[in-house]
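The values are calculated or read from the model by the stated rules, or taken from the named source; none is laboratory data. Every value quoted in this text rests on a predicted model; they were computed, and no experiment measured them. As a convention, Cβ positions derive from the backbone with ideal geometry for all residues, glycine included, and neighbour counts pool all protein chains shown.
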Amino acid sequence: MGPRGILHFLRQEVLVGEHEVFHRTLRHELVGTCDSVLDVGCGFRSPLASFSHLIPRTVGVDGYAHAIERSRAAGIHREYHCVDLLQVGTLFPPKSFDAVIALDVIEHFDKPTGYRFMQMLESLARKRVILFTPNGYLPQDEWDGNVRQLHLSGWEVYDFELRGYRVFGMSGWKPLRGQYALPSIRPYRLGGFLSRLTEPFAVRFPRHAFQLLAIRDMERS
């Protein structure tokens, strides 16, 4: 690899902003290929916020009314529903959306319920299901007055691969981050920088990453 190749690699893979690889990958999987996206557990600051305007139809669903209100005020999605996430399958007929995403959601269910939740999402998607979760169990208490923020399960690479998902590691090497994805090394600016340096490694070797991005292409299933 010559000097130009090294510089390109640094710009694209190492010298990136916080969680930029995650947002870039998510956008690549949705924009231009999916005309409708169901964001299950959208919260008040969905990662789709920066590009949802590029998707003809986006629908946000959350069980926490305050999160829905804040997301609606920010204009992230065109349509909203406040409902228990396990009941989303009753709102829409099968194969209603090109893509169905659940980002930082499945870990809030116990394992058997999580598998049922995953199956429900897959039934609603025509093209793609995208899940994002910590790699393994990560303790987390309730916050923002929302008891649903408790973590009840941990998910591994094989949990997704067995169901036909492509899995990518996100947020760098696992030991470099902790609760709420904050850097484990202080000062946080240094810890975050070290974590981002390991992003290329994490993407390619998800078993060693802090978080997992799992994508199932339903048309190939």
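Yes/no matrix, rows are residues, columns are (1) closer than 22 Å to Val88 by Cβ; (2) under 17 Å from the mean Cα position of the chain (by Cα); (3) surrounded by fewer than 19 Cβ atoms within 10 Å (Cβ to Cβ); (4) modelled with pLDDT under 95:
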residue: Pro112; (1), (2), (3), (4): yes, no, yes, no
residue: Tyr115; (1), (2), (3), (4): yes, yes, yes, no
residue: Leu121; (1), (2), (3), (4): yes, yes, no, no
residue: Leu124; (1), (2), (3), (4): yes, no, no, no
residue: Val129; (1), (2), (3), (4): yes, yes, no, no
residue: Asn135; (1), (2), (3), (4): no, yes, no, no
residue: Asp141; (1), (2), (3), (4): no, no, yes, yes
residue: Asn146; (1), (2), (3), (4): yes, no, yes, yes
For His151, only one of the following conditions fails: (1) outside any loop (DSSP other than H, G, I, E, B); (2) over 24 Å from Cys34 (Cβ atoms). What is its number?
(1)
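Given the criteria modelled with pLDDT of 95 or more and either in contact with a strand residue (DSSP E or B) (Cβ under 6 Å, 6 or more places away or on another chain) or surrounded by fewer than 21 Cβ atoms within 10 Å (Cβ to Cβ) (or both), does Phe51 qualify? Explain how you work it out, then say what you get.
Working: modelled with pLDDT of 95 or more: yes; either in contact with a strand residue (DSSP E or B) (Cβ under 6 Å, 6 or more places away or on another chain) or surrounded by fewer than 21 Cβ atoms within 10 Å (Cβ to Cβ) (or both): yes.
Against the criterion (modelled with pLDDT of 95 or more and either in contact with a strand residue (DSSP E or B) (Cβ under 6 Å, 6 or more places away or on another chain) or surrounded by fewer than 21 Cβ atoms within 10 Å (Cβ to Cβ) (or both)), Phe51 qualifies.
Can you find a residue in the range 169-180 that is closer than 19 Å to Phe109 by Cα, in a strand (DSSP E or B) and polar (S, T, N, Q)? Write out each step before concluding.
Just the residues of the range 169-180 that are closer than 19 Å to Phe109 by Cα, to begin with: 179-180.
Subset that is in a strand (DSSP E or B): none.
Looking for residues that are closer than 19 Å to Phe109 by Cα, in a strand (DSSP E or B) and polar (S, T, N, Q), one finds none in the range 169-180, hence no.
Go through the range 1-48 residue by residue and tally those that are in a helix (DSSP H, G or I), modelled with pLDDT of 50 or more and not basic (Lys, Arg).
Start the filter on the range 1-48 by keeping residues that are in a helix (DSSP H, G or I), which leaves 3-14, 20-30, 47-48.
Adding the requirement that they be modelled with pLDDT of 50 or more leaves 4, 20-30, 47-48.
Narrowing the set further to residues that are not basic (Lys, Arg) leaves 20-23, 25-26, 28-30, 47-48.
Total meeting the criteria: 11.
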If I ask for residues that are part of a helix (DSSP H, G or I), aliphatic (A, V, I, L, M) and either surrounded by 14 or more Cβ atoms within 10 Å (Cβ to Cβ) or at positive phi (or both), which ones from the range 65-84 would you list?
Ala67, Ile68
Select from the range 50-102 the residues that are over 15 Å from Glu29 (Cα atoms) and either touching a residue at least 60 places away in the same chain (Cβ under 8 Å) or among the small types (Gly, Ala, Ser) (or both) and list them in ascending order.
Gly60, Gly63, Tyr64, Ala65, His66, Ala67, Ser71, Ala73, Ala74, Gly75, Gly89, Ser96
Selection from the range 27-48 of residues surrounded by fewer than 22 Cβ atoms within 10 Å (Cβ to Cβ) and of a type in the set (A, V, I, L, M, F, W, C) yields Val31, Phe44
